[in-house]
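Here's the structure we're looking at; comments come further down.
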Amino acid sequence: IADAEVDTTDVEFVGKVKVFQASTFSKVHGSGVAAIIAATRDNQYGIPGLCYNCNIGATRYGFFKDYKQLRELSDAGVRVINCSFVSSSKLQTAQAAIDTMYSQGTIIVAGAGNQPWSKTKGEKRYYPASYDKVISVSAVMYKYPDPMDNLAYEDYPNKPYVANARGFVGRTAGFKDHNVRGPMRIYPVSTATLNPEVDLLAPTVGVFRYPAYMLEDKIEYIGSAATSVAAPFVTGTIGLMLSLYPCLAVEHIEPILKLTATPVDHLAVNAPYKGNYGAGIVHAGRAVEMVYQLNNPDEIAFISGQRFSRWEFPITAYSKEVRIQDQEFTDQAVFDLKAGNSVVLGAGTVLRPGRNGSVHISIDPNMEQQCELRLRSD
């Protein structure tokens, strides 16, 4: 975690944090991020993190020119680094540092930024999120499957709106002509940063605000689309994936996250932002399950339910079978599947790459796994 201070004495982090470089206090923003990733479970305090048994390497943010503090983590063997900070400057020296860390097996996850569509129009990039080989994460709403379950009024009764509707890429949405039976429109000012570099979405609004609990013993929840909160959901998921299969190659992490994400293209309110919010909402359970399936010779690995027209998907499967169904790879998508056994193309499979895309499926029964799955009973 490259952020503000992570409090090593806090009950959630005792015994699991190594501080590489001290950072600023910043109202323990770093501890808030760390809690989402790796807070201890079942201790009658706070919240459980996604990867609650993961260890934390903590360092400071900044050093935008060469990310030397991140390289220190990578050199020490850290596999995933969370960066819930942004800069407006794109520097080739920083990209070179990221390339080096990636070659060492370290993946960086970063918040896309908090500037809304009303200001950026999808054109503004923030870094490190928008560098190559970095997973850029923006905000999505998650709570109400039926938007009308959270109907409210501004300047009652004239302006109805909904908030925190599941799958919406903005915090609030209004109605055409203020008619609740009419189509909805996300308020552009209520989004976080969206652009073509965004890879995934994760929750923000309604997430438990751990720093308020830690410092003031208050129960509070995030009220804005803050990507500092979204990024650690992806980082924690990657921690789980690597805990299950430490040999997971760095180039396979992002494809698995995208293949298992929850799509949001079907929601009409998201249409104005299509192409700017990535593959959908990170789904930790499905991502971990796919890692298990792909690397268990007794399992069937399923690839299904997505429509991809871009990005690269290198996948290696040691499962007894890979079953592809209701799945599309078209246009600029690159799908490269190396399987040890059987591959079955089921109904709804569309493999139609364009000039800048490709599909390659191969079977090699002599492939050897580098390590075994590390299964746990707790």
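The values are calculated or read from the model by the stated rules, or taken from the named source; none is laboratory data. Small disclaimer: the values here were computed from a predicted structure and weren't measured. Cβ placement follows ideal geometry from the backbone for every residue including glycine, while neighbour counts extend to all protein chains displayed. Just so you know, the surface numbers come from the protein's heavy atoms only, side chains and all, with ligands and any DNA or RNA stripped out. Shrake-Rupley method; radii C 1.70, N 1.55, O 1.52, S 1.80 Å.
Between Ser358 and Leu91, the modelled label-to-label distance comes to 3.5 nm, taking each label 7 Å out from Cα in the direction of the beta carbon. For the residues Tyr245, Tyr153, Tyr144, a GNM of the chain with alpha-carbon springs under 10 Å puts the largest fluctuation on Tyr153. Other residues whose C-beta falls under 13 angstrom from the C-beta of Asp7 contribute a net charge of -2, scoring Lys and Arg +1 and Asp and Glu -1.
Semi-axis lengths, largest first, of the ellipsoid equivalent to the range 1-101 are 26, 14, 11 Å, with √(5λ) applied to each eigenvalue of the Cα gyration tensor. Were the residues from Lys121 through His178 laid out at 0.36 nm apart, the gain over their Cα-Cα distance would be 18.1 nm.
Amide H contacts of Gly167: Met141, Tyr142, each under 5 Å away and 5 or more positions distant or on a separate chain (H built 1.01 Å from N in the peptide plane; Pro and chain starts excluded). Each other residue within a Cβ distance under 14 Å of Met184 adds +1 if Lys or Arg and -1 if Asp or Glu, for a net charge of +3. The range 314-378 and the range 18-94 have Cα centres lying 32 Å from one another. Result for the chain in a Gaussian network model with C-alpha springs under 10 Å: among Arg286, Arg71, Arg181, the largest mean-square fluctuation is at Arg181. Surface composition of the chain: carbon plus sulfur atoms hold 48% of the accessible area, using a 1.4 angstrom probe and ignoring ligands, DNA and RNA.
Computed from backbone phi with θ = phi - 60° and the Karplus coefficients 6.51, -1.76 and 1.60, the 3J(HN,Hα) list for the range 294-306 is 5, 10, 10, x, 9, 10, 9, 9, 9, 10, 7, x, 10 Hz; x is used for glycine and proline. Net charge of the neighbourhood of Glu299, taken over other residues with C-beta under 15 Å away and scored Lys/Arg +1, Asp/Glu -1, is -1.
Both radii come from the Cα set of the range 201-271: Rg as radius of gyration, Rh as Kirkwood radius; their ratio Rg/Rh reads 1.08. Residue by residue, the range 62-76 carries 3J(HN,Hα) couplings of x, 6, 5, 5, 9, 6, 5, 6, 6, 5, 4, 5, 4, 4, 7 Hz when phi is fed to the Karplus relation 6.51 cos²θ - 1.76 cosθ + 1.60 (θ = phi - 60°); x denotes Gly or Pro.
Extension gain for Ala271 to Asn341 (0.36 nm times residue separation, less C-alpha to C-alpha distance): 21.3 nm. Specify which labelled value, from [x] 18; [y] 50; [z] 25, agrees with percent of Cα pairs over 38 Å apart derived from the coordinates of the model shown. Answer label, from the structure shown: [x].
Stretching Arg310 away from Val189 to a fully extended chain increases their span by 40.8 nm, per 0.36 nm per residue minus the current alpha-carbon distance.
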